[in-house]
Structure formats: structure tokens, C-alpha cells
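Every read-out reported here was derived from the displayed coordinates using simple, explicitly stated rules and does not represent laboratory data. Predicted model, so just to flag it, every value in this text is computed and none were measured. Cβ placement follows ideal geometry from the backbone for every residue including glycine, while neighbour counts extend to all protein chains displayed.
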Amino acid sequence: MSRASETRWVNPPLEGTPITSERYTSSDFMESEWEKIWTKVWLLVARTPEIPNPGDYSVEEIGSESFITVRQDDGGIRTFYNVCQHRGSRLTFAHEGYTNRFVCPYHGWEWAKSGILEQVPDEEDFPGGSPCGELSLVEVRCETHAGFVFITMNENAPSLQEYLGPVWDDWEQYHSEKWTRTSAATVAVDCNWKVPQDNSCESYHLRSVHPQGEYWIEHDYKQCVFDWCLEGHNRMAIMMGIPAKSLIEKDLRIDDQLASMLEPWGLNPQDFEGREFETREALQKAKRAMGQDRGYVIGDLVDDQLTDAYHYNIFPNVTISYSGCEYVSMQRMRPHPTNPAKCFYDNFTYGAAGSESDAALAGKGGKEWLSEGSQREFFTYGDRLMNRRIADQDLSIVTGQQLGLASRAYAGVNLLAQEDRVQRFHDVINRYLESC
Ligand SMILES: [Fe+2]
């Protein structure tokens, strides 16, 4: 039984929006996206377990805006523009931290974590009386689901649950509210934000960009379940923990990465010689038998969710992939404030309670990223790797694609059916651009 095949989405007809060069290169197009998409949709800005206590905060930039998300005394979470209401200064350039008050670096105005102005130097000098207790930072709507904090600059946006549509129920089943960060990288890349998101909308590139995946992912599109919903998001379910059938003709064996999936669950890779295609089912049985005792909350997951990748493109700029019951990874493509040919690519991973025992596997096949630690690293593409092999491989193609998309020779795409979600992504972009 498969969650994806049991709960197919609406899959509205594709509209064939031309995927033109200007979408990736034009400042005018970028401005339209800002006005009609970024300021209208729900945007992922934080994760609840990263700000567990009152005063813990997280700051995120989206284009030209910056948002402070801060845990309140009552346990709630609120988000404010990172803009002092005195003379417009940014309040902080930190990305995360703890504070009781945000003190503007310019004139020292002090804002409580509730957004209210608390203290001002020379308070008696205001002609109309002190604004303390009256003036507030500008707040945006903020809602959470599955531990992810979303905001919207749009006062008229639907609720987050309505916005996420069928994604809401899928995520609920993992009980991932408290899954904690295991790695975090932010990479400045020379490509439009849509280039990596296009990449995340198709699995056609697996065999060429991620050839090692053949040993533990069934990459054949006929074995995957692809969906897109009316709300603008996509889903892909792809079998993991099993060699691809295409290996029969080549090199069918249990490689190090598949072994590193089997061993933590008490399965001996050598036992699968000659029955390599039984690994996924054996993993599902082992996880079902042992998972609960190890701290995993898997009672709501059907068997395929215990092993497979459930990959969600959340419109516009986030891809969330649940990797079996153990991990969820977040890729987020944030637009550059002014340059359509640049973006910021975030790749964060979170581990379920129970997955801590995997720390012993750090550095082993496919688990390189576990040795990175949870500290967020910022760098420029080319300076170093993220040590997340799949993500590093994905970024290795985006700058070259951006160059080609900007060329006079680029005449638009020629998509295969298994790349329908790329087309759908651009159809949804145009649906927003053409509204109002
Ligand atoms: Fe990829």
C-alpha cells in the first residue's frame, strides 16, 4: 500500500505557459514576481524547534525584506519586519539568537519581543509625548505546521492550512513538529531562484546528476507517483531503500549507502545477496517492529512512508522531502534583492527523535552531512561543498543552466511528460502574475 497511490491529487490540466528566458533574467519580471507572488503567498521562514524558549529568534531575508520570528512569553510565535520604526534601520543582522529586547543599533530604541516599543533615549524630548508602549514593529501573519513556520505579507491570504491544501494532511502523519536540525547550509549562487526549484520539480535528472542513487532509489519514472494540486504544490513519491531495477543489467549489489540504511535496523547487507530487491520491504518490517521503541512516532505512517522519499514542491520556493521516517530535508530558494541572476539556496535537514543513533554513521555512505553539525554555514557557491551529496550535485548544474537560459540560443524548453511538474510550476507562477 502506498500513501501516494491511495491519495492521488487533483492534477488539474497543464496550461503550457512558455518557459521563456526573461523569467530567469529580466528585472521587470523579477519586480512582477515581487508584487504579485512574494508579497501574496505563504513563505517558509523558520522552524519551531529552533526557537524553543521565549526570546529565541530567527531572522530570514526574502528578497529585499527581512523578518524576525520570535518566541513569545506565552509560547506563541510572532513575526515582525526587521525594521526600526524610528528611522528605518535593520534591528539585527544576526540570523538566530536569544534576546529579551531588540535594540536598534542606530539610536538605541528598544523593542520588546512582543513588538512594542519599550524604551527610547531622551524620551522626554518627543514633542507629542513618548511613543513608548504605543508604537510597535510591523507584524506579519505567521502560522506553523509540522514544525515549519510560514509567514505572509498578505493580510487577505487564506489560512496556511487552506494554502497547503492536501500537503497539510500528508505532513501531519509524520509528527515532525519537534524534529531537530542536523545540518544547515546557505549558499549564494549565480542563478535565478527558479532554476533550483525547477530542478526539484523533476526526477528525470537522477540518473545523470545523481548516478549513485541507482543503488538505493528506484529512479524509473514509471515506478514513481507524481501529483500536483489546485493550491499550486507538487508531490513526488519515489521508492527508496532498494536498488533500481536498471541495475540488473549492470552491477546489482548492496552498496555502502544502502548498507548504511540497513545496518541501523539490524539488517545485514550480506544476507541480501541474491535477493537485493527485498531490502525495502525488510526495512519497512524492521522499522515497524523497532521504530516505536527507538522513539519514532510512526503509527500514522503507511509502510511506504517508512522508507520512501515523499518530496513536496511548495509554491513558490521551497522543497520539503521526507526521507523515510527518519529525516526531512528543506531546500529553499530565496530571491536576491536586486539581481534576477542570483539567489540564495538553503539546504537544511532535520532528524526525527530516534534518528540520533545515526550519528555513529556520520561520514559513511550517504551520511556525510551528519558530520557537518547543526550550525548554519553561509558561503558562496564554489568556495566549498555542503557535504550533502545530492544537493551538491544539484547545485553543480544550476550556474551552467542559468548561462544557457540567458543565451540568444535559448528558445524555450522541450519537456518530457515526467517533467510535467516543471510546467505546472510555471503555470502557477503565471496564474499569480495574471491575477489582479
Ligand atoms: Fe537532483
Can you list the trypsin sites (Lys or Arg not before Pro) in the stretch 212-293 that are in a DSSP coil and have 11 or fewer other beta carbons within 10 angstrom?
Lys250, Arg275
At the level of C-alpha centres, the distance separating the stretch 280-315 and the stretch 162-187, in angstrom, is 15
Which angle between 0 and 90 degrees, to the nearest 10, do you get for helix 420-433 versus the longest principal axis of the chain when only C-alpha atoms count?
20
Gap in Å between the Cα centre of the stretch 362-436 and the Cα centre of the stretch 23-66?
18
Any lysines with Cα under 24 Å of the Lys36 Cα? List them, leaving off those in the same chain fewer than 8 positions away.
Lys194, Lys342
Around Ile116, under 13 Å between beta carbons, what's the net of Lys plus Arg minus Asp minus Glu among the other residues?
-2
Given unit charges at Cβ for Lys, Arg (+) and Asp, Glu (-), the dipole magnitude of the chain about its Cα centre in debye, nearest 20, is 660
Which whole-number percent is the relative contact order of the stretch 1-147 (Cα, under 8 Å, 6+ apart)?
16
According to a simple spin-label model (label point 7 Å from Cα along Cα-to-Cβ), what is the distance in nm between Asn53 and Glu356?
1.7
Over 28 Å between C-alpha atoms is what I'm after, so list which of Lys222/Lys285; Lys287/Lys367; Lys178/Lys222 land there.
Lys178/Lys222
What relative contact order, as a whole-number percentage, does the chain give when Cα pairs under 8 Å and 6 or more residues apart are counted?
22
If only Cα atoms are counted, what is the Rg of the chain, and what is its Dmax, in Å?
22.9, 85
Along the dipole axis of the stretch 43-146 (charges at Cβ: +1 for Lys and Arg, -1 for Asp and Glu; origin at the Cα centre), the most positive-end residue among His107, Val59, Val45 is Val45
Restricting to the stretch 43-146, what percent of DSSP beta bridges are antiparallel, rounded to 5?
100
Whats the longest run of the chain with zero GluC sites (Glu not before Pro) that are DSSP loop and have at most 16 other Cβ atoms within 10 Å?
274-433
Which lysines, on any chain, are close to Lys113 with Cα under 22 Å apart, when same-chain ones fewer than 8 places away are left out?
none
